[in-house]
Every structure is written in C-alpha cells, then in structure tokens.
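The values are calculated or read from the model by the stated rules, or taken from the named source; none is laboratory data. No experiment lies behind these values; they were computed from the predicted model shown. With ideal geometry, Cβ positions are generated from the backbone for all residues, glycine too; neighbour counts draw on all protein chains shown. Surface accessibility is based on the protein's heavy atoms, side chains included, excluding ligands, DNA and RNA. Shrake-Rupley method; radii C 1.70, N 1.55, O 1.52, S 1.80 Å.
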Amino acid sequence: MSLAFTTWPILSVSNVENNQALGIGSGSTIVHAVHRLAERVKQENLNVVCVPTSFQARQLILQNGLTLTDLDRHPELDVAIDGADEVDSDLNLIKGGGGCLTQEKIVAGCAKSFIVIADYRKDSQSLGEQWKKGIPIEVIPMAYVPVAKTLASRFGGVAELRLAVSKAGPVVTDNGNFLLDWKFDKVHDWSIVNTAIKMIPGVVDTGLFINMAEKVYFGLEDGSVSVHEKSGH
C-alpha cells in the first residue's frame, strides 16, 4: 500500500484529544485511521469512547481494543470520522456505497466536528463527475417500487434496486431495509433535492450529506495530503 493511502487516515485522528467521544465510520479507509487511533490510545493513555456507524465499524472498534459505546450513552460526540464516495467543491458528499448511509448520517449529525478522509479520486467539482453508481437511498422494503418511480418522474434519471453479489436478492442494510441507487441525469440543487427525497413516503434517508463535513483530507498519488476546509473555518 502506497504512502498516499496510509498518511491521510492517520492525519485525521491527529486532533483527537483525551476524554472525547468519537464516531467511527465504515469502509476501507477507516481501517487505517482506527489502527492509528488505537496506537495513540496506548501510547498516550487516552480515554476515548467510540460509536460505530455499522456492524463493520463495531467489529473494527472491538478488534483494535477501543472502548465501544452507543448514542444512548453518548448522544453528543466530539468528532466523527468517515469516508466518502465523492466530495464536491462545497464539501457536499455522496455516501452509502457500502450501504451504511443512515447510521453514518445519524452519527455524523451527532458530532460537533465531522471529518472526512478520502483518496484524490473522490474529489470532484460537482457530484456525479467521479461517482457513477448513483446516490444511495435507503427505503422501507414495501416502498421501493413506488419510491423508484417517484424519483424518476420528479427528478429524472433512474433508480435501481441494489442487488447482492454473493446472495440472491437485494442488499439488506443493517436496519433491515433496501437500497436504491438513483442515477441522476443532471446537476441539481442538492440541498433542495435532498429534502424533497426525504419527504417521499418510504424513504428512510439519502446518501447526500449536505453541509455536514467540516474538513476533508484527500490522499494524493505522491503521498502528500490535500486538506479542504469548509468556508469560514
């Protein structure tokens, strides 16, 4: 693994402090951040607790010997760290390629600071430039057909049920729901569209993370790190 794919997750946990409650995201990039966090906890005798965004994140926390907690005990988090499928110039995100978008959004929304780590291939001017698999939308199973039809008729494009690779049938989220991947065919005002989609009966949440990320660490090919911060920070 190149330096570019190890440095930036490590930087993301450099500002973690003692006695903090952290949100731990899902996906391959988070693995390196959690490894580094575990090293810091041991070396500096830090007292931190971690809320996972998925079953995978929960296992990662436990495997690294970190203290597992939940939002019942820690409803206010200091920092949440997660990856992204795409980041636009305003730090709006598409997330949910791994199917954990609802829990990821809940955890990020509970954090005072939401930090994103991604490689340079996720960096776009506008959403859809790099990520071609569509915007993930978690739906109640009985509603997936009407929601898909509503998305296409109101906003264009096509919404497809995500099917599992190693099992017959649809992908089922940690919440027992289905996922639609909405392949949009034009640029939208994502804040307005996100709110409108969430109002469709049967939609649990969307993979649009609007105005949530405070800072994004992009790992570049040469091993350096590009840090993008929200305007005003």
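The table that follows gives values for the structure above.
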{"item": "Tally, over the range 159-168, of residues that are under 12 Å from Ile137 (Cα atoms) and either of a type in the set (A, V, I, L, M, F, W, C) or at pLDDT below 95 (or both)", "result": "2"}
{"item": "Criterion (open to solvent by 70 Å² or more (accessible area, probe 1.4 Å), of a type outside the set (S, T, N, Q) and touching a residue at least 60 places away in the same chain (Cβ under 8 Å)) met by exactly one of Phe114, Phe55", "result": "Phe55"}
{"item": "Residue match in the range 137-154 (condition: more than 14 Å from Gly96 (Cα to Cα), open to solvent by less than 40 Å² (accessible area, probe 1.4 Å) and at pLDDT below 95)", "result": "no"}
{"item": "Subset of the range 15-37 that is part of a helix (DSSP H, G or I) and touching a strand residue (DSSP E or B) at 6+ places or on another chain (Cβ under 7 Å) - its residue that is surrounded by the most Cβ atoms within 10 Å (Cβ to Cβ)", "result": "Ala33"}
{"item": "Among (1) within 17 Å of the chain's Cα centre (by Cα); (2) open to solvent by 70 Å² or more (accessible area, probe 1.4 Å) - the single one Ala213 does not satisfy", "result": "(2)"}
{"item": "Where a residue in the range 34-51 is among the basic types (Lys, Arg) and its partner, wherever it lies, is open to solvent by less than 10 Å² (accessible area, probe 1.4 Å), with Cβ under 7 Å and at least six apart", "result": "Arg36/Pro9; Arg36/Val13; Arg40/Val13; Arg40/Val16"}
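Here's the yes/no breakdown for (1) closer than 29 Å to Gln125 by Cβ; (2) not charged (D, E, K, R):
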{"site": "Ile30", "(1), (2)": "yes, yes"}
{"site": "Glu44", "(1), (2)": "no, no"}
{"site": "Val49", "(1), (2)": "no, yes"}
{"site": "Val79", "(1), (2)": "yes, yes"}
{"site": "Leu93", "(1), (2)": "yes, yes"}
{"site": "Gly96", "(1), (2)": "yes, yes"}
{"site": "Gly109", "(1), (2)": "yes, yes"}
